[in-house]
């Protein structure tokens with residue numbers, strides 16, 4: 001994997017898969033493998049989101065601690 | 001077998017066999033062998049479908065579990 | 001007999017024999033031998049049919065068993 | 001860092017980040033890094049403000065002490 | 001310091017600093033350093049006035065009659 | 001001071017100082033030193049007037065001798 | 001009844017008489033001498049009085065402008081020389097002299113000399129010379145006057161009362177008589193020669209113009225002008241203006257006034273200096289207070305009282321941005337999650353599952369059809385074969401033999417003619433239900 005595929009690209013890919021599957025005229029084996037791809041993509045997307053959530057939560061929490069510290073200082 | 005024959009192609013082949021046999025003017029030996037081919041094709045198709053079903057079930061189960069896991073994580 | 005004679009060719013031969021015999025002007029000697037051939041042919045044909053039927057039954061049984069097995073598996 | 005970035009420049013940068021994010025269609029990875037930049041900027045700005053407060057408080061305290069000392073001197 | 005800066009010049013400088021700060025468009029860092037300058041100037045000015053007052057008081061004390069007059073003035 | 005400054009000149013100087021200080025637009029430091037000069041001058045002038053001896057009227061006789069006028073008068 | 005036109009009105013008569021006065025060439029300008037009578041000085045106004053001698057009296061009026069020009073103060077009974085015109089005042093019907101100028105009578109020659117000297121010195125500009133400033137605090141005062149007069153007494157008394165630290169030195173001089181002028185000049189010059197004086201006072205008490213005359217002499221005037229010392233002149237009464245008074249730096253009305261001009265009041269001066277000292281203290285105090293107030297005013301600025309306002313607006317900005325960042329973080333996460341969930345929810349295996357079921361159904365159908373087709377096929381073949389077998393069976397030659405026919409074969413060759421036979425030849429006889437072997441015994445041709 002030389003270039004990473006972005007969240008949005010993955011999302012579009014997943015949407016394309018879902019649309020194709022919903023149209024219903026996909027050959028069985030292809031449908032299966034697409035479904036499988038879809039499941040994997042969905043997992044990846046969720047993983048990406050979980051990581052994003054963790055990163056953001058960590059950032060925000062660190063910031064809150066800073067802010068809390070300041071508030072505490074002010075109340076002295 | 002360099003290239004795999006798709007489920008649909010096999011299905012069409014089976015349909016062709018059935019149709020030919022149903023027309024009735026197939027020489028006996030050929031009818032037999034066609035029948036045999038048909039049976040084999042049918043088995044293969046059945047297998048393919050069974051496998052597809054298993055794969056699907058497995059994928060869906062896994063996906064459900066993933067989703068459940070995420071939901072569980074979120075509820076923390 | 002280097003090459004096998006097909007069921008249909010034998011059937012045609014039998015029909016030919018029957019037709020010649022029906023014309024009635026066949027010398028006795030020939031008629032006798034033709035008749036003899038016919039008898040033999042008809043035996044062969046019946047044998048072939050019996051064999052075909054056996055084969056068919058066998059194939060069908062096998063197929064049914066497969067199907068049954070699958071059905072059984074499904075019911076698990 | 002040869003030249004220090006001023007508080008106002010950092011604030012404008014932070015506000016720009018917020019505005020861009022508010023427009024809403026920032027891709028995930030870029031959004032994450034922007035959030036990170038934003039939070040870091042916000043921390044820096046808050047630190048600068050805290051330091052400003054401390055400096056001011058210290059200066060005012062020193063000044064008040066001077067004034068008190070003077071007042072005391074006058075009352076002699 | 002080759003030439004001493006007069007009380008009035010320092011006062012004008014202090015007033016200028018205060019005006020600029022009151023206008024509010026001074027960048028934070030500059031505002032802080034200007035504020036510090038202001039505090040220092042204010043101290044210097046106060047010192048100058050205190051010294052002037054001491055000189056005055058001392059001269060008044062030497063002239064006993066004047067003391068009453070000055071005391072009265074201060075109580076206004 | 002090679003030539004002595006006359007009483008009147010000193011008085012004028014004192015008046016000038018007083019006027020200048022009363023006009024109020026003298027820089028503080030200069031005002032303070034002028035004030036000090038003024039106080040010194042006023043003390044000197046007061047001393048001069050207060051400490052001067054009272055005199056008796058003289059009569060200038062023909063020999064440019066000053067003789068007590070009252071005595072002379074009485075002797076007449 | 002007399003004709004009323006023969007009677008004059010009082011006004012017409014008075015106008016007529018007034019005209020007689022006014023056009024008379026002698027009465028237009030007359031020189032008159034007499035004694036002032038009924039004179040009562042009215043300040044800053046026209047003066048009304050009478051002139052009289054032993055036998056006659058005339059009313060007089062002197063208008064304010066003319067009166068202000070005279071150099072003496074008229075007194076009741078004073079003999080005066082006046083010029084003027086005679087006219088009639090219609091309202092009272094009285095004639096009167098309108099006085100243009102007035103001068104005292106009886107001093108004629110001296111007065112003329114005085115006027116001549118005054119004119120000369122005026123022409124020289126002596127009266128307009130810059131006046132010397134009197135020192136405020138004289139240490140030594142030279143006084144040129146008579147040692148026996150009241151003048152020196154008044155001066156001594158006044159100076160000792162006001163400024164006892166000034167030394168008065170009397171230069172005794174004759175102030176009356178022919179030698180007086182020279183004496184006065186000598187003493188003025190001596191005082192200047194001795195040199196350590198601050199002020200010079202020359203003085204004499206009141207008297208007639210003759211008495212005061214030395215002070216109107218040119219030598220005295222020039223000595224005063226030449227004096228290096230500032231000169232205060234106090235000669236005669238306030239109304240007597242001598243040449244000395246005119247050329248002196250200051251003229252005093254009385255000796256006391258001269259002394260008052262010469263010296264200040266010592267205690268006043270000490271008080272003044274003290275007051276200046278107080279003013280200095282006050283001014284300095286004021287200045288400090290003023291500066292203190294200015295400083296205080298600057299320090300009252302919210303910059304110093306509430307310095308936190310310097311950065312508070314920034315605190316808000318940063319907080320705002322920070323909060324917005326947090327909200328955005330939440331909404332972004334929600335949006336991402338929604339997008340993923342929405343699409344993931346649509347990713348269902350059900351359609352594939354349904355498709356599989358359909359395919360299975362189709363496959364089962366095909367299986368059934370396949371079986372049926374092949375069975376039909378075999379059955380058909382079988383029917384076909386059975387039919388042929390039946391037909392064959394019907395055509396069997398053996399069926400004919402069952403009617404009693406048989407045939408002979410030699411070496412499996414059917415024998416159709418006796419010619420084919422030989423005696424003792426072994427033949428095979430074929431019957432419906434079997435065969436028999438025989439030997440030819442006889443051959444019989446047809």
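The values are calculated or read from the model by the stated rules, or taken from the named source; none is laboratory data. If you're wondering where the values come from, they're calculated on a predicted model, not measured in any experiment. Please note: Cβ atoms are built from the backbone with ideal geometry, for glycine as well, and neighbour counts cover all protein chains shown.
General remarks:
- Boolean, residue G:232 is outside any helix (DSSP H, G or I), surrounded by fewer than 20 Cβ atoms within 10 Å (Cβ to Cβ) and either away from every other protein chain (no Cβ under 14 Å) or in contact with a strand residue (DSSP E or B) (Cβ under 7 Å, 6 or more places away or on another chain) (or both): no
- Sole residue being surrounded by 12 or more Cβ atoms within 10 Å (Cβ to Cβ) and in contact (Cβ under 8 Å) with a residue 12 or more places away in the chain, chosen from G:425, G:372: G:425
- Filter pass, residue G:130 being more than 17 Å from residue G:198 (Cα to Cα) and at pLDDT 90 or above: yes
- Which listed residue is touching a residue at least 40 places away in the same chain (Cβ under 8 Å) and surrounded by fewer than 19 Cβ atoms within 10 Å (Cβ to Cβ), from G:315, G:265: G:265
- Selection from the range C:1-33 of residues that are assigned to a helix (DSSP H, G or I) and within 8 Å of chain G (Cβ to nearest Cβ): C:7, C:11, C:14, C:15, C:17, C:18, C:21, C:22, C:28, C:29, C:31, C:32
- Complete set of residues in the range G:248-262 that are touching a residue at least 40 places away in the same chain (Cβ under 8 Å) and in a helix (DSSP H, G or I): G:255, G:256, G:258, G:259, G:260, G:261, G:262
- Scoring residue F:68 on the criteria (1) modelled with pLDDT under 90; (2) more than 9 Å from chain G (Cβ to nearest Cβ); (3) within 30 Å of residue G:283 (Cβ to Cβ) leaves a single failure, condition (3).
- Considering D:3, D:8, D:53, the condition of being within 23 Å of residue E:31 (Cα to Cα), surrounded by 13 or more Cβ atoms within 10 Å (Cβ to Cβ) and modelled with pLDDT under 90 is satisfied by D:53 alone.
- Residue satisfying all of: in the range G:338-363; in contact with a helix residue (DSSP H, G or I) (Cβ under 8 Å, 6 or more places away or on another chain) and more than 9 Å from chain B (Cβ to nearest Cβ); nearest to residue B:7 (Cα to Cα) among these: G:351
- Answer from G:245, G:330 - the residue that is farther than 30 Å from residue D:26 by Cα, part of a helix (DSSP H, G or I) and more than 10 Å from chain F (Cβ to nearest Cβ): G:245
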